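Quick notes on the structure that follows.
The values are calculated or read from the model by the stated rules, or taken from the named source; none is laboratory data. As the structure is a prediction and not an experimental result, all values here were calculated from the model. No Cβ is skipped: glycine too gets one built from the backbone with ideal geometry, and neighbour counts run over all protein chains shown.
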Amino acid sequence: MGASQSSLPANQYQYKPLENSDIRLITILPAKSIEDNILIRIAHVTLLAPQQHEPTSGMSFRDVAKDLPPGWIVREALDGRLVFYNPTPNRGEESRWTWVSPPTFTTWPQPCRPYSDHKYEALSYVWGSSPRKTAIAYVTTDSSATPDQSTTILAELIIRPNLADAIRHLRYQDRERTIWIDAISINQSDVAERDEQVTRMSDIYRLAYRVVVWLGPRTQDSKHALNTLEYLGKQVVISTDNFRMPAPDAAEPTWYSPKERLPYDPKTWRAIGKLFSRDWFERLWVIQEIKLARDAIVCCGSDQVKWSCIRNGIFTLFAKEDTNPHVSRIRLELTNRLFWPANVNNPISFVIINAFTSIKCQDKRDRIYGFLGLFYPDFRSKIDPDYRSPAEHVFRDFVVAHIKHFQRLELLCACFLQPATPGTPSWVPEFSGPAEASFRLLGYFAAGYSCSWFEFDAPNILRVTGRECTTVTRLTRPIEGKDERTLVETIRRFEPSDLDTAQPYITGESFRTAYAKSLAHNWLQERYPDRTSYQTEERWASQDSAKALFGEHAKTPLGKGILLSAIERRTVASIRNRPYMVTKEGYIGFGPPAAKLGDIVCILLGCSHPMLLRPQLDNKYLVVGSCFIYGLHDAIGLLGPLPSPWRAQVFKDSIGLRSVHRFFNPDTNTLSDEDPRLEPLDESWERVADVQRTGNDPYLFQRFKNKLTGEVINSDPRLTPEALKARGVDLKEFSLI
């Protein structure tokens, strides 16, 4: 071992308590060789979170869009820049997106991100699964110390090999580097300090001038993968409402299109797949760390690229109709969902449910605490991290706090009767389920814009109000398959024998149409009119392709290589591990993996999905999981079917989530917020127009104001238990255990 690798005499480093608003920043001293000893300084500095800065003009993005000259379109890119488009240019000019605003328009001032008085970076990396701590960092107080000096060493600090590897690669040869590193900056043996510092993680990463992502050492093809994703990301602009367009300066202006095949060879696809298989893409804490970053770089060995390019590349790959088997669709979908930029106005249920599957963490409690920085401040203040409390209590208390704050049962939709944490009630999600059991908050609208009516009986009973609709009488095995091809073949085998001969469905439609809508979870153009890429009901029900999921064409064996369309891929993913169910009244749909005969389908107030419950002794119930039952969507289970020809349609809200349900009459071409099944609002209530979502809102909501008291609520006052009972709805209380 050379002199640069020698052990230096030192005592174990002793942490000093942090005071008030202090954090610890680590200064990494320079070294000429990667093998040199690691020398660091540790300093306590005060970190105060400044007030959020708004655009100096006070204009919102919507104001900008309204003030554009005729014919112009504007989108807000993920990095905050505005990109403009004039689809009707002057003769001879090419229609292209541009960063330059129209000549008659004053450019929108960019909002200022808050920053700290202390310029520092924050490290995002993987601790490593091995508990071994064999590496040593030497703590010094001398800025001129060198790696082989012992006279200036204050103490030694034992660190994990992964961190030592990161520091050795990230330190500079000629200057210091100041960085916040969780494993060193937090005294991991002090539980009280961990509890307190976890609540500050959002400020620490948000106020860092840059987040440094460490993927690990360089491999033979990692540089090629990074360069490929970087180049792809530079060709595309993605807006905050998930609209893809060519970058104004794109060298490959067609690559943004989902239909455009990328000219990558197998070597390139393998390199990308291996990069996405690195542990960093599976670690829970990195989600918060990268989402909160004002700027970020991705480092792999000595190679580095901007995170914004990698992110754009990930999102573009996910949108492609044609990828390569070397890049797992499941991994790509997970990566796409995890790293969509943070929006403090996102509903908390959307943030946590869409991110918990297949994500690794060493402490189960971090499945809650690791997301605190992404929560709206009002709700975040109600969660006090306590690493002395068992995981089952942390999960339960989080769900209760969520229900109380938002008046919704949204998190019940993520429950599956397969608890891995002993002592967890069935109404509390495990927050660690497999990817195929994941749940997406989408437009089922089973309970309309109702709020939840509940009572929590400690320690583990949740009393909720709803209606028992039907009972499961027939059930298949869960639809399983290791890949899309196997899943398609399995779905074909489950086709009902009376697909084209059965009596009309409960809704009055043909059974074939009802089955087609059930398979697709009704993600069709008639329901989502602004999604022109979605198939129409007629087109989807025809199933006339070689990849048909049912019908005559499904009897033809699949060819060697199948390439599913977007709706086919979405359908296969959504019913994976779910059984096909038939109920006593003839409803059909897909249920949770643990469904059994005799389970009851219920509509619970404040819950967007029909829920499957299992009766127990003493009028108690287990939550089996959420289900899609065609004919019990759009509050039909509470209010009955919509009068003909009305239909419910789903639109984007102010931040791009598809959570706005409106009612369309094709005969009169009328689109209304008012449900035609409900009586007019009482004179004391009025609907609040032009609602902007905040992080204090549930996923599904509308605002109503009491004109007498000034009270504003996020649910329809005509859907209270009293109002529904007055309509003759048979509501009951369910004690969930």
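General observations
- Failed criterion for L671 (all others in (1) part of a strand (DSSP E or B); (2) of a type outside the set (G, A, S); (3) out of contact with any Lys or Arg (no Cβ under 8 Å at 6 or more places or on another chain) hold): (3)
- Qualifying positions in the stretch 185-205 - in a helix (DSSP H, G or I), in contact with a Lys or Arg (Cβ under 7 Å, 6 or more places away or on another chain) and surrounded by 16 or more Cβ atoms within 10 Å (Cβ to Cβ): S185
- Residues being in a loop (DSSP other than H, G, I, E, B), under 21 Å from C627 (Cβ atoms) and out of contact with any Ser or Thr (no Cβ under 7 Å at 6 or more places or on another chain) - total across the stretch 442-464: 4
- Residue match in the stretch 208-222 (condition: modelled with pLDDT under 95 and farther than 30 Å from G656 by Cβ): no
- Filtered residues of the stretch 616-625 (kept if under 23 Å from F445 (Cβ atoms) and at pLDDT below 95): G625
- Under the condition of being of a type in the set (K, R) and farther than 30 Å from A414 by Cα, the residues counted in the stretch 538-575 number 4.
- Of all residues in the stretch 622-655 being under 23 Å from the mean Cα position of the chain (by Cα) and among the aromatic types (F, W, Y), the one that is nearest to P593 (Cα to Cα): F628
- Restricting attention to the stretch 206-244, the residues that are aromatic (F, W, Y) and over 30 Å from R531 (Cβ atoms) add up to 2.
- Output for the stretch 657-677, where each listed residue is of a type outside the set (S, T, N, Q), surrounded by fewer than 16 Cβ atoms within 10 Å (Cβ to Cβ) and either more than 18 Å from R531 (Cβ to Cβ) or touching a residue at least 60 places away in the same chain (Cβ under 8 Å) (or both): D667, D673, E674, P676
Listed here are the residues, each with its yes/no results for (1) more than 14 Å from C607 (Cβ to Cβ); (2) of a type in the set (S, T, N, Q).
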{"position": "L700", "(1), (2)": "no, no"}
{"position": "R703", "(1), (2)": "yes, no"}
{"position": "S715", "(1), (2)": "no, yes"}
{"position": "R718", "(1), (2)": "yes, no"}
{"position": "K725", "(1), (2)": "yes, no"}
{"position": "D730", "(1), (2)": "yes, no"}
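- Residues that are over 15 Å from L409 (Cβ atoms) and part of a loop (DSSP other than H, G, I, E, B), drawn from the stretch 698-719: Q702, R703, K707, L708, T709, G710, E711, D716
- A residue that is within 21 Å of the chain's Cα centre (by Cα) and not in a loop (DSSP other than H, G, I, E, B) can be found somewhere in the stretch 240-247.
- Looking only at the stretch 465-507, residues that are within 30 Å of W453 (Cα to Cα) and of a type in the set (D, E, K, R) come to 2 in all.
- Residues that are within 24 Å of S497 (Cβ to Cβ), not in a strand (DSSP E or B) and not small (G, A, S), drawn from the stretch 594-626: K596, L597, D599
- Restricting the stretch 262-316 to residues that are of a type in the set (V, I, T) and farther than 20 Å from W180 by Cβ, the residue that is surrounded by the fewest Cβ atoms within 10 Å (Cβ to Cβ): T268
- Look at the stretch 722-734: where a residue is in contact (Cβ under 8 Å) with a residue 24 or more places away in the chain and closer than 18 Å to L409 by Cβ and a partner is hydroxyl-bearing (S, T, Y) and buried (at least 16 other Cβ atoms within 10 Å of the Cβ), sitting 6+ places away or on another chain with Cβ atoms under 7 Å, you get L731/T465; E733/T465; F734/Y621.
- Figure legend. Inter-residue proximity from the stretch 198-219: first residues farther than 11 Å from R380 by Cβ, second residues acidic (D, E) and in a helix (DSSP H, G or I), beta-carbon distance below 7 Å, spacing 6+ or different chains. Indicated pairs: Y205/E289; V211/E289; P217/D165.
- Residue selected from the stretch 250-261 under the condition exposed (fewer than 15 other Cβ atoms within 10 Å of the Cβ) and closer than 12 Å to L317 by Cα, by the criterion modelled with the highest pLDDT: R261
- Of the residues contained in the stretch 691-699, one or more are found to be within 17 Å of F406 (Cα to Cα), of a type in the set (F, W, Y) and in contact with a helix residue (DSSP H, G or I) (Cβ under 9 Å, 6 or more places away or on another chain).
- Entirely in the stretch 465-567, the helices (runs of 4 or more DSSP H) that have 2 or more residues that are touching a residue at least 24 places away in the same chain (Cβ under 8 Å) and under 30 Å from G728 (Cβ atoms): 511-519
- One residue alone among L215, L232 is buried (at least 19 other Cβ atoms within 10 Å of the Cβ), touching a helix residue (DSSP H, G or I) at 6+ places or on another chain (Cβ under 7 Å) and closer than 30 Å to H118 by Cα, and that residue is L215.
- Filter result for R365 (within 16 Å of F431 (Cα to Cα) and surrounded by fewer than 24 Cβ atoms within 10 Å (Cβ to Cβ)): yes
- Taking the criterion of being under 28 Å from S533 (Cα atoms) and assigned to a loop (DSSP other than H, G, I, E, B), the only residue of the stretch 580-593 that qualifies is G591.
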